Each structure stands twice: as structure tokens, then as C-alpha cells.
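Novice: Below is one structure. I have some questions about it.
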Amino acid sequence: MKRVNIIIDDGSKRNRHFIIPKFLIWIALPLIGIFFIVSIYSIFVRVSVEVDRQSLKKLRAENKLLKEKYKLLEDKIDSLINIIAVIEKHDIKLRVTNNIDVIDPDARELGMGGPKDKDIYTDSIKRINPANAHLLEIIDTKVEELNAKIKFEKSSFDTINQVISQKKYILDRTPSIYPCNGWLLSGFGYRIDPITRRIRMHNGVDIAGPTGTPIMASADGKIDFAGSRSGYGLSIEIDHEYGIKTFYAHLSAILVKQGQIVRRGEVIGLMGATGRTTGSHLHYEVRVNNVPVNPLLYMLNTDAVVD
């Protein structure tokens, strides 16, 4: 059969009759299939293009927001670097006031420098978006600088703190106050002994006051002796380290024990007249490396004693 008869009944008395050669049908069918495939592909391409367009639009918006975020982050890092610069100035002041060597600016920069680790992430971004990669490199460099400055300043402040702590430790153990209130009867140096009436060296100062007047430790230290000593009666000796000791004699009562740790201003005994004395007073000595020195050189609160 070389042709196809097609009859269309449209409801009228006359039907429409078409005769289509068979070879035309064989030609038309593939064309219809191709048209259908091309139409579907065209729709798919248009949908894909629209999706890509929307994605690109979204990426551009995100890229813009990222750049703005980079700028804000960079500004914050700059602000922190400025704060570190202020801290550096305080570092210098602390070193000067505490007699610590000031770090040379060149040495400070060298201390903060060093090789930078290779960043594979920035390299990857550079291949995709060079502009964003450049911003990241700037921020990364500043973060490295900030991190180095913080580490350097921490190390510097640790050194300063160690020196200050050591100085405070020494100062706390250096006699600096009158051990009691009262009247200064006799100073350091040669004098006429009130008992023998002969000239002899007086290794401390005598401060008079009512019996029972509180006697205070003039600095932090450890009680090296607490008891009765010939000629001095009830006495206390405190070891303040660094070769410094203080001695308190003629007490009416001892309120501490040997080996006890005491702090500056802590009451350790009461004034009295025990031992070789003519009346109620405190005999107070300061010794450096077992050599008596003038205690008045170690008394800063001059209002405590009346001449």
C-alpha cells in the first residue's frame, strides 16, 4: 500500500476525504519527533538560563555584601591596631617608670615579624575571584600583624609584671614605717648610756609611750626570734629577707610565735619596760647584713612619732 486514505466525518452528509502518500508520513514522523525534542530542549535551555541568571544575580549581590563586610572587618582590625599602638605607649611608660630597658622600635618590629604561612584558601579564591582574593590578602596580612603585636605585647607585659611583682615583693619586705606611736627619746649613734652614764654606741632608736602601746611589724617578714634576751627583756626579731632584719625590745607582751609570717602594720607585741631600761619604751633596730643602720632612714610616716 503506497498511500493512506483519511476520512473525516464532520457530521454533515458529505465526509472529507484525504489521500496522503505513505512516503510523506514516513518523512513527517521523524520531523515531528525532532520538533518535539528541539522544543523540549529549548524549554530546558531557557529554564537553565533563567536559573543561571538568577544565580548570577544572587552571587553578585552576595559578592557586593562580602566586599562591604571585608571593608567593615578591615576597619575594625585597623581600630584594634590603633589600640595596640596606645598599649605600646603605655608599655614604654611602664618600662621607664620601673627602670626597665625600653624596647628599641626596630627590635619591636623584628619581634613581630616572621615568615607568613601559605594560605591555600586565598590561592583558590584568587583563581575564582582575584578582586576578593586581594581583599582577603589585605585582611589576612592585618590579622597576622595584629596577632603578632598582641603576642609581642603580652610577652612584654609579662616581663614588666614580673619585674614589678619582684619590686613589690622587695618593697613589702623593706621596713618603711614607725613600729609604734610615741615620743622619740634617743636616736641612732653614740650617746651617754642612761644606766652606766658612759658613752657607747646606740644601735637603734628608743620610742617612749605608755605600757601596752601596740608594736607593729615595720615590713613583711618571718619571726626569727620571739622570747627573752639578756638586757633587752621580751624581744622580737623579724627576718625580712635580702639581708634585712628588724629588732623590737623591752616589750611587755609578745603576740607572735617563732616562724610566724607577719605583714607590715600587723601588731606583734606591746610596749613595756622589761630588761635593762629606765622606763616604758621600745628599742627598735634595723640591721642590713647584720650591720646596724639608722632606723630613721627606714621610717616614712613621720607623723607617728613626736620628737
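The values are calculated or read from the model by the stated rules, or taken from the named source; none is laboratory data. Remember, it's a predicted structure, so these values are computed and weren't measured experimentally. For neighbour counting, all protein chains shown are included, and Cβ atoms are generated from backbone atoms with ideal geometry for every residue, glycine included.
Novice: Is one or more of the residues making up the range 210-230 over 30 Å from Lys69 (Cα atoms), at pLDDT below 95 and polar (S, T, N, Q)?
Specialist: Yes; the residues of the range 210-230 include at least one that is over 30 Å from Lys69 (Cα atoms), at pLDDT below 95 and polar (S, T, N, Q).
Novice: Follow-up question, since we're still on this one. Inspect all residues belonging to the range 242-259 and state whether any of them is in a loop (DSSP other than H, G, I, E, B), among the charged types (D, E, K, R) and at pLDDT below 95. Before you say what the answer is, go through the steps one by one.
Specialist: Step one: list which residues in the range 242-259 are in a loop (DSSP other than H, G, I, E, B), which gives 242-243, 255-259.
If we keep only those that are among the charged types (D, E, K, R) too, we end up with 257.
Restricting the remaining residues to those that are at pLDDT below 95 gives none.
No: zero hits.
Novice: Go through (1) aromatic (Phe, Trp, Tyr); (2) surrounded by fewer than 17 Cβ atoms within 10 Å (Cβ to Cβ); (3) under 20 Å from Asp206 (Cα atoms) and name the single condition Tyr284 misses.
Specialist: (2)
Novice: Mind checking which residues of the range 217-253 are hydrophobic (A, V, I, L, M, F, W, C) and under 14 Å from Val286 (Cβ atoms)? Step through it out loud before you land on a result.
Specialist: Our first condition is that a residue be hydrophobic (A, V, I, L, M, F, W, C); within the range 217-253, this holds for 217, 219, 223, 225-226, 234, 236, 238, 244, 247, 249, 251, 253.
Within the range 217-253, Ala217, Ala219, Ile236, Ile238, Ile244, Phe247, Ala249 meet the criteria.
Novice: Which residues, taken from the range 224-238, are farther than 14 Å from Arg264 by Cβ and in a strand (DSSP E or B)? Steps first, please.
Specialist: First, the residues of the range 224-238 that are farther than 14 Å from Arg264 by Cβ: 224-237.
Once the filter is applied, which keeps residues that are farther than 14 Å from Arg264 by Cβ and in a strand (DSSP E or B), the range 224-238 yields Asp224, Phe225, Ala226, Gly227, Ser228, Arg229, Gly233, Leu234, Ser235, Ile236, Glu237.
Novice: Quick one: which residue in Gly243, Gly231 is closer than 19 Å to Val288 by Cβ and surrounded by fewer than 18 Cβ atoms within 10 Å (Cβ to Cβ)?
Specialist: Details: Gly231 fails: closer than 19 Å to Val288 by Cβ.
None of the other options fit; the residue is Gly243.
Novice: Taking Arg191, is it modelled with pLDDT under 90, in a strand (DSSP E or B) and not acidic (Asp, Glu)?
Specialist: On the way: modelled with pLDDT under 90: yes; in a strand (DSSP E or B): yes; not acidic (Asp, Glu): yes.
Yes: the conditions hold for Arg191.
Novice: Among Ser156, Ser124, which is polar (S, T, N, Q) and at pLDDT 80 or above?
Specialist: On the way: Ser124 fails: at pLDDT 80 or above.
None of the others qualify; the one that does is Ser156.
Novice: Can you run down the residue pairs with Cβ atoms below 8 Å, 6 or more apart or on separate chains, where the first is in the range 84-99 and under 27 Å from Glu144 (Cβ atoms) and the partner is polar (S, T, N, Q)?
Specialist: Asp91/Ser156
Novice: In this structure, is Glu109 charged (D, E, K, R), within 27 Å of Asn161 (Cβ to Cβ) and modelled with pLDDT of 80 or more?
Specialist: Numbers: charged (D, E, K, R): yes; within 27 Å of Asn161 (Cβ to Cβ): yes; modelled with pLDDT of 80 or more: no.
Here the answer is no, as Glu109 does not meet what is asked.
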